[in-house]
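Each remark here refers to the structure printed beneath this line.
The values are calculated or read from the model by the stated rules, or taken from the named source; none is laboratory data. What you are looking at is a predicted structure, and each value in this text was computed from that prediction instead of being measured. For neighbour counting, all protein chains shown are included, and Cβ atoms are generated from backbone atoms with ideal geometry for every residue, glycine included. For the accessible areas, the whole protein counts, side chains as well, though only heavy atoms, and no ligand, DNA or RNA atoms are used. Shrake-Rupley method; radii C 1.70, N 1.55, O 1.52, S 1.80 Å.
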Amino acid sequence: MSTITPDLIRSGPPLHGPSSNYLTHSHGIASWIFTLDHKRIGVMYLISVLSAFFLGGVFAIIVRSQLIFPEGAIFTGSLDAYRIYNRMFTLHGAVMIFLVLIPGIPGALGNFILPIMLGAKDVAFPRLNLASYYLYVAGALFAIFAILIGGVETGWTFYTPYSATTDIDKVGIGKHAVEIMVFGVFLLGFSSIFTGMNFIVTIHKLRPPGMTWFRMPLFLWSIYATSLIQVLATPVLGITLLLLIAERTLKVGIFNSEYGGDPVLFQHFFWFYSHPAVYIMILPAMGIMSEVIATFSRKHIFGYRFIALSSIAIAVLGFLVWGHHMFPNGQSALLGSIFSFLTMLVAIPSAIKVWNWLATMYKGSIDLKTPMCYALAFLFLFTIGGLTGVFLGALSVDVHLHDTYFVVAHFHYVMFGGTLIGFLAGLHYWWPKMTGRMYNETLGRIASVLVFLGFNLTFIPQFIMGTHGMPRRYATYLVEYQPYHVASTIGSYIQLVGFLLIASYLIHSLYRGPKAPNNPWGAATLDFDCSSPPPHDNFSTPPVVADPYDMNRMKWDPKLRGYVKDANYIPPVEH
Amino acid sequence: MSTIPNDYPSALPDPNAPHDEHDHPSFLAHHFESAQQQFDAGKLGIWLFLTTEILLFSGLFCAYAVYRANHPEVFEFAHLYLNKWWGATNTVVLIFSSLTMAWAVRAAQLGQKKLLVNLLAVTLLCGLAFMVIKTIEYKDKIHHGTLFSVFYKPVQLPHGVTAENLLGPADALTAPPAIDAPEVHTAPAGYAQQQSKIPLAAVGPAGLSPSFEPRASADGATSLDHENPWVGPEPRNVAVFFSIYFLMTGLHGIHVLAGMAVILWILIRSAKGEFGPHYYNPVDFVGLYWHVVDLVWIFLFPLLYLIH
Amino acid sequence: MSQHSQPDDDHGVAHVMPAKTLLIIFALLMFFTVVTVAVTLVPFGPYALLVALVIAVIKAALVALYFMHLRYDNPFNSVVFVGCLIFVGLFLAFSLTDSTAYQPTVYKKQAAKIQQIDVNKLLEEAAKEQSPSTTNH
């Protein structure tokens, strides 16, 4: 370890034999259940997150299908039927947010890629990593159990006093559905906290020689910023949920005014976590964008330090704006004005990043592989989402748009158009690395177009009808909104086709896909140094650290159908 | 530096030395390059965890702050039910246990195995003493009916409050209905507009209680002091104080119990000789957790017991 | 920062706290605990809470710096701890400010003011209803 010979030719062949990688290193179900290998944990997370996404998508299709007719297409005619609709959108939101978007990129992609990209052998606390995963599973099981015994209709935000009093007189186990789901979310919160702790310590303490802070790839910066938020914000969600359970079961009177409590206080508690939570969702996706855009523009990322520090700025500023979810909800005018002003500030670092990505693409050599198609979609969709967020951040405008479909469209643009598109980009970018297989590029591009077009058809009508006053979370609506709803529902079906296509070609690639080279895309980060799939212990000797965005270091090898390090390359002098 | 017992190697391995594959100390995990790295990583990890614990309690401190700022009379009245000497004793017990825990870390660093085991045992006993006192306090509350929310049915007045200090309601607006009374849909007796169907926000349906200053006692004395800690009618929603009290001390108590369990585990490992100058990380990290438990109590004590 | 920081002392991975320091800090903590209780006898008026909190912060600082070793540790650990307290402060400050700012909308004075307007209107309407033109009750 003390003698590092820069070896520009060797690109890290597997060291335990030509075909040994993390998948074949050991066999049997016990070797997966008790694994301490971050790569296997990442794969388990990936399977779980994608399953949860499928479940959330089922609820989404039900919600959209209901809204084809003004009087309701599925749940119609009685209050009880509408209350079942309430459960559908609540569960869609809760499953998507807590089981897919928050754990998704850090758990599935971050776990797999972070140590390799950093140059470490594993995360700092592998057993804690496994515990994180099992807390995720436990939380998911509690949530599913709550769904099975009748579900929850409070909205994913669990606002009191409704969440403290609903179903309390119900007969049977169904009356505990709220507590059970809330406890499941509590466990998911701790899964998130432990993941965040692990990543922070890994990045601080496990960097190899030469890997200074400003030599790290930007995906690691974004995961680091995400982890800061996870550690600081999630415990407040934890106590909020515990207090909600106490409120329901013991009637403690903190949030329920019937017993002397303050419902607006619940909202302060809840949004202190849930606003930073949306930055937990978007920051890793932004990190993926930095990697994908640089790689597929064959160009050094523009404004590295700006992007890195913007990630930290977003994390910090994200803690100062939670009241913008509460403008018309009883918050005082004083705080409303303060939060409105601070909300305008938080848009700035995100905008800096978008400009830097565009500048990276300028005069680059664009290669429209599937991850890049998703990256372009991200730039368009996230910009719309972010800008509409600025509309909503203006206090006076929000008074009219709060709880309308405008808000629904806004957050779908940032969460789906931002995080989920980023997740798809990262999934396609690292699929060859994780599985050792290439997927069908043509189908990938077609699916990305289907998802993009379907998404816009789903949500642009929602912006319009939101400004016309269509409220959210309504099972029925006035007939004048029907054209928008029908267009939106058709868009959702197009998206469904797109996602089914993605699932089919990805699964197909596992069996029939061509073997992937070490570096199919020509990236200069350490994760593409090792084999696809990577060996069990990533690096047996610490890797050579160089500029992670110096694309010229790689050259295409037609025999391997991938990129290799250029033996004759002399890197420019770094300032 | 005290004497190193003779059951430890005379030459301590250099914690900064990189290890080979063959010379891997059993306590050093494979993904770490050196013992120093493992210690630093573990330390940062436990500090991050303690951050999350402090933020978990911060929610309760926020509920306390918000409620106390808006309804100070509830706190000034209800805290008189608490016995500050039990609270002070618990404070002393926990601070002493922090001392023994910090000393235990020192003992581990110096390889003083017997001292380490004894100090951990004392820490554990202090934790036990804390929980015993807590149990006494809780049983006292149950006995006196001063529990949270709907279970608040006090059988006596708090310390220092006499029946004559508790004046009857001077006007109907401050009359405290019982917390589980049916909803008030008509204005209470004494209010001028008898036909109003709009419930007053101030008194119902069981809304937030109005805040007011305790008024002068019957003989005109207006200042509160130790003999007269409270003058005026019993405030509404006193049960919320006890909700906050039980939630805060309850969550703290759960953390004390968890801490005791972990200290017991460390105690057993220390008795087996697993710790010494070369490796004492778990003792250090468990110690840090225990100090945070103490820190939380250092704030809980004045905030709950010593309200003026 | 890289992983091979030098240990602070010749005892291995970290500094060993001298026994004397531990005992002195304990004595100080006991002293401040006595002060905490004694201070309740002094009528500070509205500042009583502030005094109690200041003393608690001093005790907490002693525990953190010495018992928890922050004085002799990697400074980043102190950054983590202080950073945590800053976020707690942020949370409490905003929530407290907001809740005290909207309290008047639920206090009886302001509520009664609002009520009186409505109540008067209601009385007028009730009076109108009782005039001969209407109805059954």
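Taken over the stretch B:33-47, the criterion of being open to solvent by 10 Å² or more (accessible area, probe 1.4 Å) and of a type in the set (A, V, I, L, M, F, W, C) is satisfied by B:35, B:46. Filtering the stretch A:236-263 to residues that are assigned to a helix (DSSP H, G or I), closer than 17 Å to residue B:58 by Cα and either more than 7 Å from every other protein chain (Cβ to nearest Cβ) or touching a Leu at 6+ places or on another chain (Cβ under 9 Å) (or both) leaves A:236, A:237, A:238, A:239, A:241, A:242, A:243, A:244, A:246.
Within the stretch A:158-182, the set of residues being open to solvent by less than 40 Å² (accessible area, probe 1.4 Å) and either closer than 16 Å to residue A:256 by Cβ or of a type in the set (A, V, I, L, M, F, W, C) (or both) comprises A:158, A:160, A:163, A:164, A:166, A:167, A:177, A:178, A:179, A:180, A:181, A:182.
Residues that are aliphatic (A, V, I, L, M) and either in contact with a Ser or Thr (Cβ under 8 Å, 6 or more places away or on another chain) or open to solvent by less than 10 Å² (accessible area, probe 1.4 Å) (or both) within the stretch A:251-281 comprise A:252, A:254, A:264, A:265, A:277, A:280, A:281, listed in sequence order. The residues in the stretch A:240-250 that are surrounded by fewer than 24 Cβ atoms within 10 Å (Cβ to Cβ) and not polar (S, T, N, Q) can be counted, and the count is 5. Taking the criterion of being part of a helix (DSSP H, G or I), aromatic (Phe, Trp, Tyr) and surrounded by fewer than 24 Cβ atoms within 10 Å (Cβ to Cβ), the residues of the stretch B:277-296 that qualify are B:285, B:289. Please verify whether the stretch B:65-83 includes one or more residues that are under 30 Å from residue C:69 (Cα atoms), in a helix (DSSP H, G or I), in contact with a Leu (Cβ under 8 Å, 6 or more places away or on another chain) and not aliphatic (A, V, I, L, M). The answer is no, given that none of the residues of the stretch B:65-83 is under 30 Å from residue C:69 (Cα atoms), in a helix (DSSP H, G or I), in contact with a Leu (Cβ under 8 Å, 6 or more places away or on another chain) and not aliphatic (A, V, I, L, M). Would you check if residue A:405 is modelled with pLDDT of 95 or more, of a type outside the set (A, V, I, L, M, F, W, C) and open to solvent by 30 Å² or more (accessible area, probe 1.4 Å)? No.
Could you tell me whether any residue of the stretch A:199-217 is outside any loop (DSSP other than H, G, I, E, B), in contact with a Leu (Cβ under 7 Å, 6 or more places away or on another chain) and without any contact (Cβ under 8 Å) to a residue 40 or more places away in the chain? Scanning the stretch A:199-217, I find at least one residue that is outside any loop (DSSP other than H, G, I, E, B), in contact with a Leu (Cβ under 7 Å, 6 or more places away or on another chain) and without any contact (Cβ under 8 Å) to a residue 40 or more places away in the chain, so the answer is yes. Residue-level check: of (1) more than 14 Å from chain A (Cβ to nearest Cβ); (2) open to solvent by less than 40 Å² (accessible area, probe 1.4 Å), residue B:115 misses just (2).
Per the listing C:56, C:27, the residue uniquely among the small types (Gly, Ala, Ser), open to solvent by 50 Å² or more (accessible area, probe 1.4 Å) and at pLDDT 90 or above is C:27. Identify all residues within the stretch C:33-48 that are surrounded by fewer than 17 Cβ atoms within 10 Å (Cβ to Cβ) and either part of a helix (DSSP H, G or I) or touching a Lys or Arg at 6+ places or on another chain (Cβ under 9 Å) (or both); write none if there are none. Listed by number, the residues that qualify are C:34, C:35, C:38, C:41, C:45, C:46, C:47.
Identify all residues within the stretch A:464-493 that are open to solvent by 50 Å² or more (accessible area, probe 1.4 Å) and touching a Leu at 6+ places or on another chain (Cβ under 6 Å); write none if there are none. Of everything in the stretch A:464-493, nothing turns out to be open to solvent by 50 Å² or more (accessible area, probe 1.4 Å) and touching a Leu at 6+ places or on another chain (Cβ under 6 Å). The condition (being surrounded by fewer than 17 Cβ atoms within 10 Å (Cβ to Cβ), at pLDDT 75 or above and within 11 Å of another protein chain (Cβ to nearest Cβ)) is satisfied by just one residue among B:150, B:155: B:150. Within the stretch A:348-371, at least one residue is in contact with a Gly (Cβ under 6 Å, 6 or more places away or on another chain) and farther than 22 Å from residue A:97 by Cα.
The set of residues in the stretch C:15-61 that are in contact (Cβ under 8 Å) with a residue 12 or more places away in the chain and more than 7 Å from chain B (Cβ to nearest Cβ) comprises C:15, C:21, C:25, C:28, C:32, C:35, C:39, C:51, C:55, C:58.
Against the numbered list (1) of a type in the set (Val, Ile, Thr); (2) surrounded by fewer than 23 Cβ atoms within 10 Å (Cβ to Cβ); (3) part of a helix (DSSP H, G or I), residue A:451 comes up short only at (2).
Looking only at the stretch B:254-276, which residues are part of a helix (DSSP H, G or I), out of contact with any helix residue (DSSP H, G or I) (no Cβ under 6 Å at 6 or more places or on another chain) and not hydrophobic (A, V, I, L, M, F, W, C)? The answer is B:269, and nothing else.
Here's the yes/no breakdown for (1) touching a strand residue (DSSP E or B) at 6+ places or on another chain (Cβ under 6 Å); (2) open to solvent by less than 10 Å² (accessible area, probe 1.4 Å); (3) at pLDDT below 95; (4) charged (D, E, K, R):
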| site | (1), (2), (3), (4) |
| --- | --- |
| A:187 | no, no, no, no |
| A:190 | no, no, no, no |
| A:194 | no, no, no, no |
| A:198 | no, yes, no, no |
| A:209 | no, no, yes, no |
| A:215 | no, no, yes, yes |
| A:221 | no, no, no, no |
| A:228 | no, no, no, no |
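Among the residues of the stretch A:117-141, those identified as free of Cβ contacts under 8 Å to residues at least 60 places away in the same chain and crowded, with 20+ Cβ neighbours inside 10 Å are A:135, A:139. Flag not set for residue A:548, criterion: open to solvent by 30 Å² or more (accessible area, probe 1.4 Å) and either at positive phi or assigned to a loop (DSSP other than H, G, I, E, B) (or both).
Pairing each residue of the stretch B:65-78 that is facing chain C (nearest Cβ under 7 Å) with any residue that is hydroxyl-bearing (Ser, Thr, Tyr) and surrounded by fewer than 20 Cβ atoms within 10 Å (Cβ to Cβ), provided the two are 6+ apart or on different chains, yields C-beta distances under 7 Å for B:69/C:100; B:70/B:211; B:70/C:100. For residue A:233, indicate whether it is of a type in the set (A, V, I, L, M), more than 13 Å from chain B (Cβ to nearest Cβ), within 30 Å of residue A:355 (Cα to Cα) and in contact (Cβ under 8 Å) with a residue 60 or more places away in the chain. In short, no.
Starting from residues that are open to solvent by 40 Å² or more (accessible area, probe 1.4 Å) and within 27 Å of residue A:285 (Cβ to Cβ), keep the ones in the stretch A:326-354 and report whichever is nearest to the other protein chains (Cβ to nearest Cβ). For the stretch A:326-354, the residue satisfying everything is A:341.
Residues in the stretch A:216-230 that are farther than 25 Å from residue B:30 by Cβ and more than 15 Å from the chain's Cα centre (by Cα) were compared, and the one that is farthest from the other protein chains (Cβ to nearest Cβ) is A:218.
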